[in-house]
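Asker: The structure's right below; bear with me while I get my questions together.
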Amino acid sequence: MLDLIIKNARLRFDNRTHRINIEEGKISSIDGGEVSAKKKIDARGLLVTESYVIAHLHLDKVYTYSVADKNTAEKYHKGNSIDAIREASRIKESLNEQVIYRNAKRAINNALKYGVCAIRGFADVDDILELKGIRALLKLKEEFSGMIDLQVVAFPQEGILSQKSTEELLEKAIELGADVVGGIPWIEKNNESKEKHVRKVLQIAVKHNKDVAMLVDDCCTSSSRTLEILARETIRNKWKGRVQACHARAMQFYDEEYLERVCELCELAGMSLVINPHTGPCNPPVERLLDKGITLALGQDDCSDAYYPFGRCKMTEVAFIASHVLRMMLPSHFESLYDMITCNPARIMRIDNFGIEEGRYARLVILPVRTVYEAIWYQAEPLILVNGNKLFKLKSRS
Ligand SMILES: [Zn+2]
């Protein structure tokens, strides 16, 4: 006898309904074999898709908007990101492990409610916060285990070269259990320090066999070019497929020749990119990157913090806004956008066995719509989330 059967499930790429059989947390077959199960759900022809994945979220900063300096958002949205980061760091004086834990827990519960099964959560490590954010997120990683896969990124938000203790704190964060080494080279003073920053992060990642997630060129000037440095260092360290870049907004201002060169380097480095069109003023050339075969995802980035006042870990909302900001409104765009909140971020986080196929781990949502287009249009809220052996009823049908 199976654990769960979902019958009359409409899948993304054909217009027919199917029976999804789930056993020991895995999709044992689609339309085949056994028909008796401990639990049966009739999806009644509604859409069943992969559940959502957030590959970039500043989880230690969520719900700090009310205490944030309101000039930060204004500066960030005008492209003056360095000053915005400096201003935003003042909030950290008022944060402690308990506050971060409480806020982040609220965000994770929201994510769960909206059908998210995995998050790459960033926690700052620096002279002010030290390891408080890391400790809070690691506690939540354990608490939510089996419900949400939380990967913790040790993120040197204030830079590495300008702060004495950060490099050591990054190492300590890894020892405590952080999963990913973060970086933000573009805020360092000069080109030499930017290069050093990238090298140090890669060095730590390789030493501890960890993935890298680095914020690059989160500004609107063509002279910010740390994406290129990151791609070169990834190739030099043979860390292909292990490096995620975030933001890269400056790409919008690169000249044609340079843009082509950087895209080729990213492709060679097997790098992925998480973009966040709703949280900032300019964006990388999405269609070109997709044509190049670079794995692209949409991140939540911020939830009600100094940089962005909204956000609720609802990825259909993020896809809806992205379709406007990026002018992606053709039927083929809807599938791309949907991939960017499901399987693409899952690939970036290197989640094994992701997708609705036989033999894969059961991570899926039942939505109150019939197509991906409608899911984005109505920013559909899942009725049911299945994560392995766990089943969550999120909303009753209307
Ligand atoms: Zn970010």
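Asker: Look at the range 346-392 and say how many of its residues are among the charged types (D, E, K, R) and farther than 20 Å from residue 27 by Cβ. Before you say what the answer is, go through the steps one by one.
Answerer: Keep residues of the range 346-392 that are among the charged types (D, E, K, R), which gives 347, 350, 352, 357-358, 360, 363, 370, 374, 381, 390.
Still in the list and also farther than 20 Å from residue 27 by Cβ: 370, 374, 381.
The number of residues fulfilling the criteria is 3.
Asker: So residue 262 clears everything in (1) within 16 Å of the ligand (Cβ to nearest atom); (2) more than 20 Å from residue 327 (Cα to Cα); (3) hydrophobic (A, V, I, L, M, F, W, C) except one condition, right? Which one?
Answerer: Against the list (1) within 16 Å of the ligand (Cβ to nearest atom); (2) more than 20 Å from residue 327 (Cα to Cα); (3) hydrophobic (A, V, I, L, M, F, W, C), residue 262 comes up short only on (1).
Asker: When the residues of the range 263-282 are narrowed to those that are modelled with pLDDT of 95 or more, surrounded by fewer than 20 Cβ atoms within 10 Å (Cβ to Cβ) and not charged (D, E, K, R), which ends up farthest from residue 347 (Cα to Cα)?
Answerer: Among residues in the range 263-282 that are modelled with pLDDT of 95 or more, surrounded by fewer than 20 Cβ atoms within 10 Å (Cβ to Cβ) and not charged (D, E, K, R), the one farthest from residue 347 (Cα to Cα) is 265.
Asker: Continuing with the same structure: Taking the stated definitions as given, is residue 315 in contact with a Leu (Cβ under 6 Å, 6 or more places away or on another chain) and of a type outside the set (Val, Ile, Thr)?
Answerer: Values: in contact with a Leu (Cβ under 6 Å, 6 or more places away or on another chain): no; of a type outside the set (Val, Ile, Thr): yes.
When the stated conditions are applied, residue 315 does not pass them.
Asker: For the subset of the range 211-240 comprising residues that are of a type in the set (Val, Ile, Thr) and more than 16 Å from the ligand (Cβ to nearest atom), which member is surrounded by the fewest Cβ atoms within 10 Å (Cβ to Cβ)? Break it down stepwise before answering.
Answerer: Going through the range 211-240, the residues of a type in the set (Val, Ile, Thr) turn out to be 212, 216, 221, 226, 229, 234-235.
When the remaining residues are screened for being more than 16 Å from the ligand (Cβ to nearest atom), the result is 221, 229, 234-235.
Values: 221: 14, 229: 21, 234: 26, 235: 16.
Among residues in the range 211-240 that are of a type in the set (Val, Ile, Thr) and more than 16 Å from the ligand (Cβ to nearest atom), the one surrounded by the fewest Cβ atoms within 10 Å (Cβ to Cβ) is 221.
For (1) out of contact with any Pro (no Cβ under 6 Å at 6 or more places or on another chain); (2) within 13 Å of the ligand (Cβ to nearest atom); (3) assigned to a helix (DSSP H, G or I), each residue gets a yes or a no:
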{"position": "280", "(1), (2), (3)": "yes, yes, no"}
{"position": "304", "(1), (2), (3)": "yes, no, no"}
{"position": "309", "(1), (2), (3)": "yes, no, no"}
{"position": "312", "(1), (2), (3)": "yes, no, no"}
{"position": "316", "(1), (2), (3)": "yes, no, yes"}
{"position": "319", "(1), (2), (3)": "yes, no, yes"}
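Asker: Moving to a separate point now. Inspect the range 182-190 for any residue being of a type in the set (A, V, I, L, M) and either closer than 28 Å to residue 281 by Cβ or touching a Gly at 6+ places or on another chain (Cβ under 8 Å) (or both) and give the result as yes or no. If you could, list the steps in order and put the result at the bottom.
Answerer: Of all residues in the range 182-190, those of a type in the set (A, V, I, L, M) come to 184, 187.
Now narrow it down to the ones that are either closer than 28 Å to residue 281 by Cβ or touching a Gly at 6+ places or on another chain (Cβ under 8 Å) (or both): 184, 187.
Checked against the condition, which is being of a type in the set (A, V, I, L, M) and either closer than 28 Å to residue 281 by Cβ or touching a Gly at 6+ places or on another chain (Cβ under 8 Å) (or both), the range 182-190 yields at least one hit.
Asker: For residue 78, all conditions in the list (1) within 26 Å of residue 317 (Cβ to Cβ); (2) away from the ligand (no atom under 15 Å from the Cβ); (3) crowded, with 21+ Cβ neighbours inside 10 Å hold save one; what is the number of the exception?
Answerer: (3)
Asker: Name the single residue that is surrounded by the most Cβ atoms within 10 Å (Cβ to Cβ) among those in the range 290-302 being in a loop (DSSP other than H, G, I, E, B) and away from the ligand (no atom under 16 Å from the Cβ).
Answerer: Kept after step one, since they are in a loop (DSSP other than H, G, I, E, B), are these residues of the range 290-302: 292-295, 299-300, 302.
When the remaining residues are screened for being away from the ligand (no atom under 16 Å from the Cβ), the result is 292-295.
On the way: 292: 14, 293: 10, 294: 20, 295: 23.
Residue satisfying both the conditions and the ranking: 295.
Asker: Show the residue pairs that are 6+ apart or on different chains and have beta-carbon atoms under 6 Å apart, the first residue being within the range 176-191 and at negative phi and surrounded by fewer than 21 Cβ atoms within 10 Å (Cβ to Cβ), the second being modelled with pLDDT under 95 and not small (Gly, Ala, Ser).
Answerer: Close Cβ pairs (under 6 Å, with a partner that is modelled with pLDDT under 95 and not small (Gly, Ala, Ser)) amount to 188/161.
Asker: Same structure again: Identify, from the list 35, 99, 62, the residue that is away from the ligand (no atom under 16 Å from the Cβ) and within 25 Å of the chain's Cα centre (by Cα). Full working, then the answer.
Answerer: Working: 35 fails: within 25 Å of the chain's Cα centre (by Cα); 62 fails: away from the ligand (no atom under 16 Å from the Cβ).
Being away from the ligand (no atom under 16 Å from the Cβ) and within 25 Å of the chain's Cα centre (by Cα) holds for just one of 35, 99, 62, which is 99.
Asker: Which residue out of 100, 108 is more than 21 Å from residue 170 (Cα to Cα), surrounded by 24 or more Cβ atoms within 10 Å (Cβ to Cβ), at pLDDT 95 or above and of a type in the set (Val, Ile, Thr)? Before you say what the answer is, go through the steps one by one.
Answerer: Details: 100 fails: more than 21 Å from residue 170 (Cα to Cα).
When all the criteria are applied, what remains is 108.
Asker: Restrict the check to the range 257-265 and report whether at least one residue is at negative phi, in contact with a Pro (Cβ under 9 Å, 6 or more places away or on another chain) and in a loop (DSSP other than H, G, I, E, B). Talk me through it step by step, then tell me what you get.
Answerer: Keep residues of the range 257-265 that are at negative phi, which gives 257-265.
Subset that is in contact with a Pro (Cβ under 9 Å, 6 or more places away or on another chain): 259, 263.
Keeping just the survivors that are in a loop (DSSP other than H, G, I, E, B) gives none.
No - not one qualifying residue is present in the range 257-265.
Asker: Considering the range 321-354 alone, what residues qualify as being among the charged types (D, E, K, R) and in a loop (DSSP other than H, G, I, E, B)?
Answerer: Quick first cut of the range 321-354, residues among the charged types (D, E, K, R) only: 327, 335, 339, 347, 350, 352.
Selection gives 327, 350, 352.
Asker: Would you pick out the residues in the range 321-350 that are of a type in the set (A, V, I, L, M) and either in contact with a Pro (Cβ under 7 Å, 6 or more places away or on another chain) or surrounded by fewer than 18 Cβ atoms within 10 Å (Cβ to Cβ) (or both)?
Answerer: Going residue by residue through the range 321-350, those that are of a type in the set (A, V, I, L, M) are 321-322, 325-326, 328-330, 337, 340-341, 346, 348-349.
Those that are of a type in the set (A, V, I, L, M) and either in contact with a Pro (Cβ under 7 Å, 6 or more places away or on another chain) or surrounded by fewer than 18 Cβ atoms within 10 Å (Cβ to Cβ) (or both): 321, 322, 325, 326, 329, 330.
Asker: When the residues of the range 223-278 are filtered to those that are out of contact with any strand residue (DSSP E or B) (no Cβ under 6 Å at 6 or more places or on another chain) and among the β-branched types (Val, Ile, Thr), which remaining residue is farthest from residue 294 (Cα to Cα)?
Answerer: First, the residues of the range 223-278 that are out of contact with any strand residue (DSSP E or B) (no Cβ under 6 Å at 6 or more places or on another chain): 223-225, 228-229, 231-233, 235-241, 249-270, 275, 277-278.
Imposing the further condition that a residue be among the β-branched types (Val, Ile, Thr) reduces the set to 229, 235, 262, 275.
Details: 229: 17, 235: 15, 262: 12, 275: 12 Å.
Among those that are out of contact with any strand residue (DSSP E or B) (no Cβ under 6 Å at 6 or more places or on another chain) and among the β-branched types (Val, Ile, Thr), it is 229.
The values are calculated or read from the model by the stated rules, or taken from the named source; none is laboratory data. Fair warning: this is a prediction, and the values are worked out from it, not measured in the lab. With ideal geometry, Cβ positions are generated from the backbone for all residues, glycine too; neighbour counts draw on all protein chains shown.
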